[in-house]
Amino acid sequence: MGGFVKLRQKGESMREIIFDTETTGLDRLDDRVIEIGGVELLNRFPTGRTFHVYINPEGKAVHPDALAVHGISNDKLADKPLFAGILHDFLDFIDGAKLIAHNAMFDMGFINAELNRLGHPPIHNDRVVDTLALARRKHPMGPNSLDALCRRYGIDNSHRTMHGALLDSQLLAEVYIELIGGRQAALGLTIAEQADSRQAGSQSGPILISRRPMPLPPRLTEAEQSAHAALVEKIGEKAIWHERRTTILLQ
């Protein structure tokens, strides 16, 4: 995908599922998936449709290190369905959609291991987009963890005290849209489709775009702005930012 928005044919909807998993540990061949959360996007916008399940790991103990990250104990999972019991609903939810995850190969490794245990074919990589890879290309200096990207894009993650599959999917949906510039692209396509429909029908009139009630927060953190100001001061009058400011004032 390379971070670019692929334009769709007129009338064609683009469906994507932002998802996350929590597991008993880090070994996909031995550990098990114990939580799946997913958020549906249609043409880059959340539909409000979500998927969320806890899963019984069939006797596999949650590793203490994993427990410290997500807080999901074996006692909490004792009465939850097995992976086989949620498989149909999960596959129905993701059917036909691109799958978006942060460090996607980790999540897909566990999902495909669960599918393999049940004799089900794997989900191929060509259906999967890794937002960590997108973030590393767009912000090569990092950091590119989910928390760091939330801070970069002004997304409130203050309620994320522990990892959770559904909450992380909801946050990642906002991050993903920012990473690919999807809001602007989807808005442009929607306006174009509205214009086409007006020309085809008998109704006419201007297309109204409402103004944001509040401007978006700055993408640079206070620490980044302070570091930049210190750099400019260190360089002195030869800094190109002084020249740019002078040019703007003269225009």
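The values are calculated or read from the model by the stated rules, or taken from the named source; none is laboratory data. The structure displayed is predicted, hence computed values, not measured ones. Cβ atoms come from the backbone with ideal geometry, glycine included; neighbour counts cover every protein chain shown.
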Practice prompt. For GLY154, state whether it is touching a helix residue (DSSP H, G or I) at 6+ places or on another chain (Cβ under 8 Å), at pLDDT below 95 and assigned by TED's automatic domain parsing to the domain that holds THR50.
Written response: no
Worksheet item: Only one of (1) in the same structural domain as VAL69 (by TED's automatic domain parsing); (2) loosely packed, with under 13 Cβ neighbours inside 10 Å; (3) modelled with pLDDT under 95 fails for HIS124. Which number is that?
Response: (3)
Worksheet item: Here are some conditions: (1) in contact (Cβ under 8 Å) with a residue 40 or more places away in the chain; (2) surrounded by 14 or more Cβ atoms within 10 Å (Cβ to Cβ); (3) under 18 Å from LEU26 (Cβ atoms). ILE86 meets all but one. Which one does it not meet?
Response: (3)
